[in-house]
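A short worksheet on the structure shown next.
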Amino acid sequence: MLMRTLAWMQCCLLCVTVAMAQDRSASDPQESPEKLAGTWHCQFETPFGVQTYHLHFTEDDRGGTTANAEVESGDQTREVQFSDVKRRGDSISFAEVRQFGEREFRIDYQAELQGRDLLVSRSFGERGGQESTATREPPKPVPAASTEPVVEVEIDRLIKDAFKDSFLIGMAGDLPTRYSDAELKLAAEHFGSITPENCMKPERIHPAENRWQFEQSDALVNWARKNGMTVHGHTLVWHAQTPNWFFEGDDSETIKQRMKNHIETLVGHYKGQVQSWDVVNEAISDGGDAKTAETEHLRDSNWLRALGPDFLTLAFKYARQADPDAVLYYNDYNIESGPKHASSLVLLKRLLDQGAPIDAVGIQGHWRSGRVPFDDIEKAITDYASLGLKVSITELDVTIRGESGGQFGRRRFRSSAPPSLEDLNAQAEDYAKLFAIFEKHQNVIERVSFWGLNDRRTWRRGQHPLLFDANNHPKPAYAAIVRESGPSGGDEASVPSGQIEVEDGE
Ligand code: XIL
């Protein structure tokens with residue numbers, strides 16, 4: 001069992017692109033060899049292949065140090081914000097804490113300068129440890145295989161134009177930081193709305209009670225404004241990617257004040273610039289049965305433990321006070337089906353009864369090609385509309401092979417095989433059916449946002465879930481969705497069609 005837990009954990013210790021880290025590594029003036037600050041790269045061998053850590057140490061002006069990393073493993077990517085960072089002269093220690101459902105897994109790191117290198121050791125408690133030498137130079141990327149099928153994709157309209165009379169089309173990403181010019185052009189051209197993928201989450205924007213890091217989010221909001229895009233804020237109150245300082249001490253009044261301050265400061269900072277917010281994310285437990293379907297079945301989170309079920313109503317009230325014009329969302333995954341859908345209705349009715357200023361529901365939309373629950377999705381849209389709520393599909397991706405779902409830490413499907421033409425066409429068909437449902441309910445639907453930009457910039461890397469392949473070429477899904485919106489009116493911008501290469505699946 002322990003072995004399985006470790007295997008599961010290791011499988012999930014995965015992460016971001018070499019390219020991204022390379023962008024950051026080259027010219028940091030703090031990176032003199034005798035200093036710790038700046039970027040380091042190291043690799044650990046695991047039973048699941050090599051994990052590459054791109055570590056970043058930053059000294060703040062009060063003499064403290066923050067540590068974060070992009071971790072890359074196989075075809076998966078992940079960002080890590082380390083906790084318990086302690087620096088003593090030439091050495092530094094920090095911890096990586098991962099949440100798997102209700103369980104927490106901790107890895108302790110020690111690193112020490114040795115000449116021009118940094119010796120990094122990590123310990124899994126009783127499960128042993130590993131060592132690696134980190135260097136300033138990133139490891140060489142592995143050349144991609146070139147066995148891709150070639151697909152002809154005919155597109156006569158931009159997706160955002162094709163649906164402009166129905167709903168907004170958006171995407172997620174922490175733009176513009178570390179995105180290439182080609183990617184930024186693609187994002188601005190095809191999408192009308194942007195959701196910050198990670199940079200507005202509590203651990204990133206509010207890492208300590210008296211420390212706010214607005215820089216990356218400010219850059220995103222400015223970039224969106226310059227490109228005529230709206231911004232959907234993500235996310236204020238969540239069980240994940242939220243630092244422990246929020247919950248320190250057992251005094252519920254203090255914890256409530258911290259929530260209030262977090263929401264007031266963040267929503268206030270972007271008042272008038274961020275048009276809508278995921279106020280509470282993923283408050284309902286997974287699974288469930290006929291019995292839990294009659295209840296809210298709330299997740300046993302730190303927020304629930306500290307403040308009870310009222311934490312949701314409070315969060316919505318604080319958000320409304322901070323920006324009365326922002327559209328406020330409850331956002332969750334798998335809420336379209338089964339007992340979790342029933343629980344979502346119980347919860348939303350209670351929130352509305354309590355006067356929580358909630359405007360809309362976000363159906364995240366992490367689905368898998370061949371298994372999209374179309375009927376459930378349509379019914380969920382009408383169920384939420386019947387409560388007087390608007391609906392958005394907030395994190396859409398339809399994976400090819402392997403599970404999707406919104407769960408953290410779940411063992412994800414990994415594949416080095418490229419998608420076949422059949423796979424791509426099946427995915428296109430699923431996307432087209434989804435958009436037919438969204439069009440039909442355009443009076444309720446505000447926005448459909450994809451979770452990522454392309455099959456490289458996605459948390460489901462290797463599962464080819466999005467509309468552009470890893471080289472930014474539109475896939476058959478793009479054409480199928482646009483066709484679904486009806487015949488071209490002729491006045492929209494046109495996208496060149498042609499032979500495209502489908503990503504290799506890396
Ligand atoms: C994911 C990001 O895409 C990853 O980069 C990050 O490592 C983990 O979080 N539901 C949500 C999103 O509401 O915030 C999650 O985003 C995906 C699931």
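The values are calculated or read from the model by the stated rules, or taken from the named source; none is laboratory data. Every value quoted in this text rests on a predicted model; they were computed, and no experiment measured them. Quick reminder, even Gly has a Cβ in these numbers, built from the backbone with ideal geometry, and neighbours come from all protein chains shown.
How many residues, within the stretch 242-283, are within 16 Å of the ligand (Cβ to nearest atom) and in a loop (DSSP other than H, G, I, E, B)?
Within the stretch 242-283, residues that are within 16 Å of the ligand (Cβ to nearest atom) and in a loop (DSSP other than H, G, I, E, B) number 5.
Looking only at the stretch 190-215, count how many residues are more than 27 Å from residue 163 (Cβ to Cβ) and either at pLDDT below 95 or not aromatic (Phe, Trp, Tyr) (or both).
If we filter the stretch 190-215 for residues that are more than 27 Å from residue 163 (Cβ to Cβ), which is where we start, we get 201-215.
If we keep only those that are either at pLDDT below 95 or not aromatic (Phe, Trp, Tyr) (or both) too, we end up with 201-211, 213, 215.
Matching residues across the stretch 190-215 total 13.
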message: Can you find, within the stretch 221-241, the residue that is farthest from the ligand (Cβ to nearest atom) among those that are under 24 Å from residue 318 (Cβ atoms) and in contact with a Gly (Cβ under 8 Å, 6 or more places away or on another chain)?
response: 230
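Residue under question is residue 197, and the condition is that it be within 12 Å of the ligand (Cβ to nearest atom) and of a type in the set (Asp, Glu); does it hold? Reasoning before the result, please.
Values: within 12 Å of the ligand (Cβ to nearest atom): yes; of a type in the set (Asp, Glu): yes.
For residue 197, the condition - within 12 Å of the ligand (Cβ to nearest atom) and of a type in the set (Asp, Glu) - is met.
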query: So is residue 427 farther than 19 Å from residue 71 by Cα, modelled with pLDDT of 95 or more and in a loop (DSSP other than H, G, I, E, B) or not?
result: no
field: Close pairs from the stretch 56-68: first touching a residue at least 60 places away in the same chain (Cβ under 8 Å), partner part of a strand (DSSP E or B), Cβ under 6 Å, at least 6 apart
entry: 66/58
message: If residue 352 meets every condition in (1) over 14 Å from residue 388 (Cβ atoms); (2) surrounded by fewer than 18 Cβ atoms within 10 Å (Cβ to Cβ) apart from one, which number is that one?
response: (1)
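Got at least one residue in the stretch 372-384 being within 16 Å of the ligand (Cβ to nearest atom) and either of a type in the set (A, V, I, L, M, F, W, C) or not assigned by TED's automatic domain parsing to the domain that holds residue 281 (or both)?
no
Considering 250, 218, which residue is surrounded by fewer than 21 Cβ atoms within 10 Å (Cβ to Cβ) and modelled with pLDDT under 95?
Going through 250, 218 in turn, just one is surrounded by fewer than 21 Cβ atoms within 10 Å (Cβ to Cβ) and modelled with pLDDT under 95: 250.
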- request: Could you grab me the full set of residues in the stretch 430-450 that are out of contact with any Gly (no Cβ under 8 Å at 6 or more places or on another chain) and not in a helix (DSSP H, G or I)?
  value: 441, 442, 443, 444, 445, 446
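One residue is enough: does the stretch 81-88 have a residue meeting the conditions surrounded by fewer than 16 Cβ atoms within 10 Å (Cβ to Cβ), modelled with pLDDT of 75 or more and not basic (Lys, Arg)? So that I can check it myself, show each step before the final result.
So the first thing to find is which residues in the stretch 81-88 are surrounded by fewer than 16 Cβ atoms within 10 Å (Cβ to Cβ), and the list is 84, 86, 88.
Narrowing the set further to residues that are modelled with pLDDT of 75 or more leaves 84, 86, 88.
Filter again for not basic (Lys, Arg), leaving 84.
Yes, the conditions are met somewhere in the stretch 81-88.
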message: Report every pair of residues separated by at least 6 positions or lying on different chains whose Cβ atoms are under 8 Å apart, first residue within the stretch 435-459 and on the phi > 0 side of the Ramachandran plot and in contact (Cβ under 8 Å) with a residue 60 or more places away in the chain, second β-branched (Val, Ile, Thr) and within 16 Å of the ligand (Cβ to nearest atom).
response: 452/458
query: Filter the stretch 366-387 for residues that are buried (at least 17 other Cβ atoms within 10 Å of the Cβ) and out of contact with any Ser or Thr (no Cβ under 7 Å at 6 or more places or on another chain); which is farthest from residue 313 (Cα to Cα)?
result: 372
- request: Could you check, for the stretch 34-48, whether at least one of its residues is under 26 Å from residue 202 (Cα atoms), within 16 Å of the ligand (Cβ to nearest atom) and either buried (at least 21 other Cβ atoms within 10 Å of the Cβ) or assigned by TED's automatic domain parsing to the domain that holds residue 302 (or both)?
  value: no
query: Any idea which of (1) touching a helix residue (DSSP H, G or I) at 6+ places or on another chain (Cβ under 8 Å); (2) within 16 Å of the ligand (Cβ to nearest atom) is the one residue 187 doesn't satisfy?
result: (1)
- request: Give the residues of the stretch 439-460 that are over 21 Å from the mean Cα position of the chain (by Cα) and either within 15 Å of the ligand (Cβ to nearest atom) or buried (at least 24 other Cβ atoms within 10 Å of the Cβ) (or both), sorted by residue number.
  value: none
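Please state which one of 218, 174 is of a type in the set (Asp, Glu), within 15 Å of the ligand (Cβ to nearest atom), closer than 22 Å to residue 66 by Cα and not in a strand (DSSP E or B). Break it down into steps so the answer makes sense when it comes.
Details: 218 fails: within 15 Å of the ligand (Cβ to nearest atom).
Just one listed residue meets the conditions, 174.
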task: Identify, from the list 354, 364, the residue that is within 14 Å of the ligand (Cβ to nearest atom) and either modelled with pLDDT of 95 or more or not assigned by TED's automatic domain parsing to the domain that holds residue 164 (or both).
output: 364
